[in-house]
Amino acid sequence: MSLKGKNVISIEDFSREEINEILSVSEKMISHIKSGTSICKGKILATLFFEPSTRTRMSFESAMLRLDGNVVGFADAKATSVKKGEILTDTIRMAAAYSDIITVRHPSEGAARVSANASNVPVINAGDGGHQHPTQTLLDLFTITKEMGKIDGLKIGLFGDLKYGRTVHSLAHALSLFDNVKIYCISPEQLRMPKYVLKSLAEKNILVTEENKIEKIIPELDVVYATRIQKERFGSEKEYLDVKSSTIIDKKVMSLAKKEMILMHPLPRVDEISYEIDSDPRAAYFKQAAYGVPTRMALIALVLGLIK
Ligand code: NCD
């Protein structure tokens, strides 16, 4: 099994064996974070972000710098020739000429696949519209493994905007590769998990339950994965306002949860998790964001074929 040269477009392109390999290399990368390593010396990562990002872009860049590689790219396409009307595939062709590996975030579903087709270096999807966010899923799986010791057999609640949230689409697919995982989709009616995701989970015999109220189900859960309402993907302001102030996870809600449960969130949070929860030992979201660095170090090194 080798991930060398692989495009990372959808989490569905990975087997459980490949995911396990990335997670075990991520664990090894933790020891290289402070001391650094020269695994990627002389290599260049291009970060092309056509949509806002804090954690994903910075952790990709930090990961490449920790590996002794270099980074080129942009955080705002308005400062590039896109502003002059350049099409995505031309931008990608150029980035491929200037780098060894490309990570791209774009508001359109399918943009990562289109980018990979235009590139002669590997492309990593850093989020394509409301579709997928596979590298977030890798760090989410790494976080669950680190905090809970396993993924098999867990009861996992996906909470919030399951319709437009790309992180939960990728995560749900990945969880279906593990044994006896039960998924609880907790959202208002308007923001339910898309049918195509539910169908694919059903095909893999994954037990999925849909819930409206987190209070009802949280006592049973091992992991709650909260998400932000994806305001920018709504058709209208009214559609957003109708669902905006649904449940907030606060001390009262957390008092119903198990002592060993973990609360995750890809961040940024807006008002889904009350700030008073940050000091609760079950709040795992900042650790989760930090795990983005070793996970992305592992992925970059494996895709570049620089480690076995
Ligand atoms: C998420 C994203 O961009 O999809 N954030 C992230 O990458 N950490 C979630 C979000 O924007 O709500």
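The values are calculated or read from the model by the stated rules, or taken from the named source; none is laboratory data. Since the structure is predicted, the reported quantities are computational estimates derived from the model, not experimental observations. When we count neighbours, we look across all protein chains shown, and the Cβ atoms used for this are built from the backbone with ideal geometry, even at glycine. The protein model used for the area step is the full one, side chains on, heavy atoms only, and it has no ligands, DNA or RNA in it. Shrake-Rupley method; radii C 1.70, N 1.55, O 1.52, S 1.80 Å.
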Listed by first then second residue, the pairs whose first member lies in segment 95-114 and is buried (at least 23 other Cβ atoms within 10 Å of the Cβ), whose partner is among the aromatic types (F, W, Y), with beta carbons under 7 Å and at least 6 positions apart or on separate chains, are T103/F60; R105/F49; R105/F50
Answer from E12, E51, E61, E27 - the residue that is touching a strand residue (DSSP E or B) at 6+ places or on another chain (Cβ under 9 Å), of a type in the set (D, E, K, R), in contact (Cβ under 8 Å) with a residue 60 or more places away in the chain and not in a loop (DSSP other than H, G, I, E, B): E12
Looking at segment 31-42 only, could you name the residues that are surrounded by fewer than 17 Cβ atoms within 10 Å (Cβ to Cβ) and either farther than 23 Å from I92 by Cβ or within 15 Å of the ligand (Cβ to nearest atom) (or both)? S31, I33, K34, S35, G36, S38, K41
Is it true that L45 is more than 16 Å from the ligand (Cβ to nearest atom), in contact (Cβ under 8 Å) with a residue 60 or more places away in the chain and assigned to a strand (DSSP E or B)? yes
Which residue is farthest from L171 (Cα to Cα), if the candidates are limited to segment 221-238 and must be open to solvent by less than 60 Å² (accessible area, probe 1.4 Å) and more than 16 Å from the ligand (Cβ to nearest atom)? S236
Subset of segment 120-150 [open to solvent by 10 Å² or more (accessible area, probe 1.4 Å), away from the ligand (no atom under 11 Å from the Cβ) and not in a helix (DSSP H, G or I)]: N120, V121, P122, G149, K150
Filter segment 261-308 down to residues that are exposed (fewer than 15 other Cβ atoms within 10 Å of the Cβ) and touching a residue at least 40 places away in the same chain (Cβ under 8 Å), then give me how many there are. 4
